[in-house]
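The values are calculated or read from the model by the stated rules, or taken from the named source; none is laboratory data. If you're wondering where the values come from, they're calculated on a predicted model, not measured in any experiment. Backbone-built Cβ (ideal geometry, glycine too); neighbour counts: all protein chains shown.
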Amino acid sequence: MKNILSTLRVDIQIAMRSKLGTSWRARNENMSCAKIYYIVAGKGYLSHNGGRFELVPGNLYLIPPRSGLFYGTHSKIEIWWAHFSADIFSCLDIFDVIPCVYEISSADRKNLKKDIGGMIDCFGSGITGRQIKAKALLLSVLSSFFDGTELASLKLIEDSLSRFQPVFEYIHKNQGERMPVDRLARLAKLERAYFSSLFTKTFKISPSAYVRQRKIERAEFMLLNTGTKLSSIAGDLGFSDAFHFSRVFKAVKGISPVEFRRRGIPLSP
């Protein structure tokens, strides 16, 4: 099995600086991307994954994907931020697998503001080398959230994931196919009921829900970055037709794919 970190890939979707007022707020937001917030000035709050955090200047905050996020400010706040993905084995969020913290103080990490600012500036550049540097700076910043994870613990995680690697590779390469649990279980060389139980216990999501989640995340990318018709997206991702795709998309995201495309890429944290 490949080492987990050797398969890690990060992609920045957007990185900006924003000054916000009391209209910046959300309840139970479940974006498929991860977020980082660096607070430059002002105060705010956020809660996710059962924890509440007071946003204070100088601190950096991590919000994993699908966190049921609540956030806002009672006055004004300035945030340097990014939306990004961090995947292992091409289709598994690193935050779903490796334990991490969600808040870093500038007192605990030197050059935090410099690295976040540099990442934003490099991401906004049209120069290939600076785009690569933006990813490098993001990785450097993210590393601080995992400082408490020992290599021995990482080895145990790798061992528990090893039997699922063929399953993840298959899901990543065959998103246009229907993927019954029986087929996935055979790839893991496990009986269907045991496979489903073990997968759910390990990843806190059932195999069928995980497949649906990855298909919808791929659909999100196509909706925001291409002009592909809904019927074509449905066919590409193994849905029976555009109506079936729209129904599943709305069940997962809470809005229709048409409305999701209309809203476009979020331009605020």
**Fill in**
Per the filter on the stretch 54-84, residues among the aromatic types (Phe, Trp, Tyr) and in contact with a Ser or Thr (Cβ under 7 Å, 6 or more places away or on another chain) are PHE70, TRP81
**Request:** Give the stretch 21-33 a look and list any residue that's at pLDDT below 90 and not in a strand (DSSP E or B), or say none.
**Result:** ASN30, MET31, SER32
**Request:** Could you tell me whether any residue of the stretch 84-91 is more than 19 Å from PRO269 (Cβ to Cβ), modelled with pLDDT under 95, in a strand (DSSP E or B) and of a type outside the set (A, V, I, L, M, F, W, C)?
**Result:** yes
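Only residues that are of a type in the set (Lys, Arg), under 18 Å from ILE88 (Cβ atoms) and surrounded by fewer than 16 Cβ atoms within 10 Å (Cβ to Cβ): list them for the stretch 155-185, please.
Going residue by residue through the stretch 155-185, those that are of a type in the set (Lys, Arg) are 155, 163, 173, 178, 183.
If we keep only those that are under 18 Å from ILE88 (Cβ atoms) too, we end up with 155, 163, 173.
The answer is LYS155, LYS173.
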**Prompt:** In the stretch 32-62, what residues are surrounded by 14 or more Cβ atoms within 10 Å (Cβ to Cβ) and within 22 Å of ARG212 (Cβ to Cβ)?
**Reply:** SER32, CYS33, ALA34, HIS48
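Just give me the residues in the stretch 137-154 being among the hydroxyl-bearing types (Ser, Thr, Tyr) and surrounded by 12 or more Cβ atoms within 10 Å (Cβ to Cβ), in sequence order. Please lay out each step first, then the result.
First pass over the stretch 137-154, keeping only residues among the hydroxyl-bearing types (Ser, Thr, Tyr): 140, 143-144, 149, 153.
Answer for the stretch 137-154, where residues must be among the hydroxyl-bearing types (Ser, Thr, Tyr) and surrounded by 12 or more Cβ atoms within 10 Å (Cβ to Cβ): SER140, SER144, THR149, SER153.
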**Asked** When you go through (1) assigned to a helix (DSSP H, G or I); (2) of a type outside the set (Ser, Thr, Tyr); (3) within 29 Å of SER268 (Cβ to Cβ) one by one for VAL211, which number turns out not to apply?
**Response** (3)
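Residue check: is SER18 assigned to a loop (DSSP other than H, G, I, E, B) and touching a residue at least 40 places away in the same chain (Cβ under 8 Å)?
On the way: assigned to a loop (DSSP other than H, G, I, E, B): no; touching a residue at least 40 places away in the same chain (Cβ under 8 Å): yes.
The answer is no for SER18.
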**Prompt:** Are any residues in the stretch 54-83 under 30 Å from ASN3 (Cα atoms) and part of a strand (DSSP E or B), and if so, which ones?
**Reply:** LEU60, TYR61, LEU62, ILE63, TRP81, ALA82, HIS83
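Tell me which residues, restricted to the stretch 233-246, are exposed (fewer than 13 other Cβ atoms within 10 Å of the Cβ) and either within 15 Å of GLU177 (Cβ to Cβ) or of a type outside the set (A, V, I, L, M, F, W, C) (or both). Lay out the reasoning, then the answer.
Step one: list which residues in the stretch 233-246 are exposed (fewer than 13 other Cβ atoms within 10 Å of the Cβ), which gives 240-241, 243-244.
Within the stretch 233-246, SER240, ASP241, HIS244 qualify.
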**Asked** Is it true that LYS114 is surrounded by fewer than 16 Cβ atoms within 10 Å (Cβ to Cβ) and of a type in the set (Lys, Arg)?
**Response** yes
**Members of the stretch 123-146 found to be free of Cβ contacts under 8 Å to residues at least 40 places away in the same chain and under 21 Å from the mean Cα position of the chain (by Cα), listed by number** = GLN131, ILE132, LYS133, ALA136, LEU137, SER140, SER143
